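Asker: Questions regarding the structure given below will be posed in turn.
We did not get these values from a lab; they are worked out from the coordinates using the rules stated. Quick caveat, the model's predicted, so the values are computed rather than measured. FYI the Cβ positions are ideal-geometry reconstructions off the backbone, even for glycines, and counts take in every protein chain you see.
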Amino acid sequence: MPRGTTFTMNALTPNPDAVDLSEPATIPVKLADHTRYMDAQQTVDRLSDGGFVMSNVTIVWSGLRHIEHVTGRRTVATAARDGLFTGAWFGLIIGFLFGSFADSSTSLVGMVVSYMVVGAITVALFQAFQHWARRGTRDFSTIGQMDAENYEVWVSAPYVDRARQILGEALPVTASDS
């Protein structure tokens with residue numbers, strides 16, 4: 001990269017206020033490479049437990065993919081059922097929020113229950129209509145998960161030796177170290 005170019009490890013687009021690579025001390029260095037997020041997390045946890053300054057650490061995900069686990073068939077009835085539960089929870093939260101600011105003559109329980117009922121019915125009808133309007137283009141429910149092929153732990157260049165010392169292992173020097 002040319003001198004004066006900025007670099008940020010945790011953004012999809014360049015950030016002009018990020019790290020200035022014209023200063024050699026701010027160049028990030030790859031410390032560890034993992035195929036499982038849990039391993040990268042354990043590396044960072046070990047650094048944290050060793051007193052390492054966490055603002056000098058970045059975890060980089062590469063080879064991102066979104067995985068959807070199909071959990072079942074979705075019908076207008078199941079969409080309405082799911083909407084009932086979602087709306088009831090939303091109504092419960094809103095009822096407590098508004099009820100805590102209501103005057104003393106208003107019953108908190110009555111307010112919470114009425115918000116739960118209105119929320120449950122409203123969201124159930126909305127989700128049932130939304131599913132019906134799709135006309136069978138997505139008749140299944142899923143749980144989404146983000147995953148990556150590789151997880152790298154990077155640290156600011158001046159702190160690489162300290163990080164390696166904390167990890168207690170002689171990590172190989174990579175091309176980005178020089």
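Asker: Does segment 28-178 come out rounded, prolate or oblate, given a ≥ b ≥ c as the square roots of the eigenvalues of its C-alpha gyration tensor, rounded meaning a/c under 1.5 and, failing that, prolate meaning a/b above b/c?
Answerer: Oblate, because a/c is 1.5 or more while a/b does not exceed b/c.
Asker: How large is the charge dipole for segment 68-144, taken about the Cα centre, if only the Cβ atoms of Lys, Arg (+1) and Asp, Glu (-1) carry charge, to the nearest 20 debye?
Answerer: The calculated dipole for segment 68-144 is roughly 380 debye.
Asker: Restrict the search to segment 43-149; then list the trypsin sites (Lys or Arg not before Pro) that DSSP places in a loop and that have at most 13 other Cβ atoms within 10 Å of their Cβ.
Answerer: Arg134, Arg135, Arg138
Asker: Per residue of segment 130-144, what does 6.51 cos²θ - 1.76 cosθ + 1.60 with θ = phi - 60° give for ³J(HN,Hα)? Whole Hz please, x for Gly and Pro, Karplus curve as stated.
Answerer: 4, 5, 4, 5, 6, 6, x, 6, 8, 9, 8, 10, 9, 10, x
Asker: What is the gain in length, in nm to one decimal, between Trp89 and Asp161 on full extension, counting 0.36 nm per residue of separation less the C-alpha to C-alpha distance? It would help to have the intermediate numbers written out before the result.
Answerer: On the way: separation 72, 0.36 × 72 = 25.92 nm, distance 4.99 nm.
Once the chain is fully extended between Trp89 and Asp161, it gains 20.9 nm.
Asker: Also: What is the sum of charges around Ala77, taking Lys and Arg as +1, Asp and Glu as -1, for the other residues whose C-beta is under 15 Å from the C-beta of Ala77?
Answerer: Value of the local net charge: +2.
Asker: So if I take the centroid of the Cα atoms in segment 36-64 and the same for segment 124-169, what is the distance between those two points in Å?
Answerer: 16 Å
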